[in-house]
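Presented below is the structure to which this report refers.
Read the figures in this text as sums done on the coordinates, not as results from a lab. Remember, predicted model here, so these are calculated numbers, not experimental data. Here Cβ is always computed from backbone atoms with ideal geometry, including for glycine, and neighbour counts include all displayed protein chains.
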Amino acid sequence: MLQLANGFAMIKLLKEQAPLIGFGFLFTFASAFGQTFFIGEFALELKHAFGLSDGGLGTLYFWGTLASSLALIYTGGWFDRISLARYALWVLAGLLAGVLVMASAPHWLVLVPAFFLLRQCGQGLSIHIYASTMARYFHKRRGRALALGGLGLTLAESSFPWIMILALAGLGWRGTWLACGAFILVLMVLSQALLRASPRVQNQDAQGQAAARFGEDFPEPDLETSLTRKQAIHGLFFYAQFYLTACFGFIVTASFFFRKALSAERDWHPETLAQGLSAYALLSLLGFLIAGPMVDRFGSIRTAWVPFISFIPGLLILAYGQSDASFWLAFALVGLAQGLMATVGNAVWPEAYGTQHIGAIRALASGMAIFSTAAAPMVFGALLDLGVTFQQLFLWSQVWTVSAGGLALALPLMQPKRV
């Protein structure tokens with residue numbers, strides 16, 4: 001009965017705030033063009049086209065992503081200072097530029113600015129817009145809003161691997177990137193239409209808060225002081241939460257980026273990769289649907305440990321599994337953990353610090369987390385070039401994961417005080 005009630009509550013929220021939820025959905029979907037799982041589809045083609053090794057490609061990816069993480073600390077703060085419509089348009093324009101630079105790259109050095117634009121405007125700012133928008137415009141049903149908006153990335157993860165097989169075969173890797181650019185143009189128009197159709201956004205006050213009369217769930221009442229970014233970084237909680245998100249970001253990024261190399265090492269069929277990613281997306285969907293009501297009922301800080309229940313066994317299977325089925329199962333468990341973490345992790349920041357400065361706080365946290373994803377392909381690639389096996393890499397990663405899970409249990413003890 002509880003699950004049925006939760007389902008009806010999510011449907012009601014979707015009907016009531018369809019344009020705003022759709023806007024979040026659009027940006028998590030658009031983020032796919034800068035996500036590692038998508039860029040990783042071109043890893044073999046980029047290596048062959050520019051004569052790169054695993055470590056070489058990973059190093060280029062590192063520098064592009066590192067620059068993105070540093071820039072995000074500044075560009076993410078614009079969310080608090082300019083209109084959402086203008087901010088959204090500029091982010092998608094930057095994503096389009098990254099796609100076009102990648103499609104026309106004449107030399108391997110051009111991959112660095114291409115990676116920068118894709119990571120900055122895709123994985124970085126697109127997710128930042130989604131999470132910050134859901135945090136600012138929802139309070140009592142923030143978890144459900146985050147869950148529904150996050151399904152855009154789940155759709156991309158489940159559909160793109162199959163589409164990419166056909167696109168790469170028919171259009172080649174450069175033609176595929178050009179097709180992505182045409183699709184982003186459509187998203188630019190659609191994003192503006194969704195914002196114009198949202199009463200909650202159109203009727204906001206001077207501080208960007210939606211008028212309470214537009215729907216029964218309104219932004220966080222001003223009962224507690226929102227903390228600034230300067231106040232946030234002076235507390236232990238900020239760094240503890242970063243440790244958790246960095247753990248997920250580093251390991252999942254490396255797993256996606258080198259999944260084709262992992263497949264070659266264990267002699268898996270090419271279709272196994274697409275099937276594994278579909279399993280990842282399906283269980284990620286389940287994670288979103290579980291996490292939304294869970295966060296709204298118990299809070300995100302008290303449930304930060306839940307994603308590790310499936311993440312830890314998923315990594316163990318990646319370390320030891322040799323069959324095709326082991327890849328599906330491992331990625332299914334990692335997908336469940338990622339769906340849970342995406343909702344729980346994004347809800348932690350407004351719950352801990354309030355929403356007035358959410359753009360600036362999330363920008364710093366995301367920039368730091370993206371730094372960990374920048375290091376992942378370079379570190380894994382360099383170790384693979386040295387002859388380290390995937391089994392060893394995943395076992396070493398497990399140490400980090402277990403320690404992060406233990407820290408998550410203690411996270412409520414570090415929660416900052418808001419007066």
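Treating cross-link reach as a plain straight distance, find the lysines whose alpha-carbon is under 23 Å from the alpha-carbon of Lys47, omitting any fewer than eight places away in the same chain.
Within the straight-line cut-off, Lys47 pairs with Lys260.
Could you please state, rounded to a whole Å, how far the C-alpha centre of segment 258-308 is from the C-alpha centre of segment 161-202?
23 Å
In deg cm²/dmol and to the nearest 500, what is the mean residue ellipticity at 222 nm of the chain if only DSSP H runs of at least 4 residues count, each as -39500 (n - 2.57), divided by the residue total?
Numbers: 18 runs with 318 residues, N = 419.
My calculation for the chain gives -25500 deg cm²/dmol from helical runs alone.
Counting Lys +1, Arg +1, Asp -1, Glu -1, what net charge surrounds Ala32 among other residues with beta carbon under 15 Å of its beta carbon? Present the calculation step by step, with values, prior to reporting the outcome.
On the way: positive: Arg119; negative: Glu41, Glu157.
Here the count lands on -1.
Using a 10 angstrom Cβ neighbour count of at most 12 plus a DSSP loop assignment to flag exposed GluC sites (Glu not before Pro), which longest range of the chain is free of such sites? All intermediate terms of the calculation are to be shown ahead of the outcome.
Details: sites that count: Glu216, Glu224.
That would be 1-215.
Please rank Phe242, Phe116, fewest neighbouring Cβ atoms within 10 Å first, as an exposure proxy. Walk me through the intermediate numbers first.
Working: Phe242 18, Phe116 22.
Going from least to most buried by this count: Phe242, Phe116.
Gap in Å between the Cα centre of segment 223-253 and the Cα centre of segment 370-385?
So the two Cα centres are separated by 22 Å.
Using a 10 Å cut-off on Cβ atoms, rank the peptides 76-86, 180-190 from the highest mean neighbour count down.
Details: 76-86: 17.0, 180-190: 15.0.
Highest to lowest by the protection proxy: 76-86, 180-190.
Spin-label point model (7 Å from Cα, Cβ direction): what's the Leu89 to Leu316 distance in nm?
Calculated label separation equals 5.3 nm.
Cut-off is 10 Å between beta-carbons; in what order do Trp268, Trp396 appear when sorted fewest neighbours first?
On the way: Trp268 21, Trp396 12.
Going from sparsest to densest Cβ surroundings: Trp396, Trp268.
Using Stokes-Einstein with the Kirkwood hydrodynamic radius over Cα pairs, what translational diffusion coefficient do you get for segment 136-198 at 4 °C and a viscosity of 1.567 mPa s, in µm²/s rounded to a whole number?
Numbers: Rh = 14.1 Å.
Reported coefficient: 92 µm²/s.
Roughly how far apart, in whole Å, are the Cα centres of segment 93-111 and segment 25-65?
Cα centres, segment 93-111 to segment 25-65: 11 Å.
Between [x] 47; [y] 62; [z] 53, which entry matches percent of Cα pairs over 27 Å apart as derived from the coordinates of this structure?
Of the listed options [x] 47; [y] 62; [z] 53, [x] comes from this structure.
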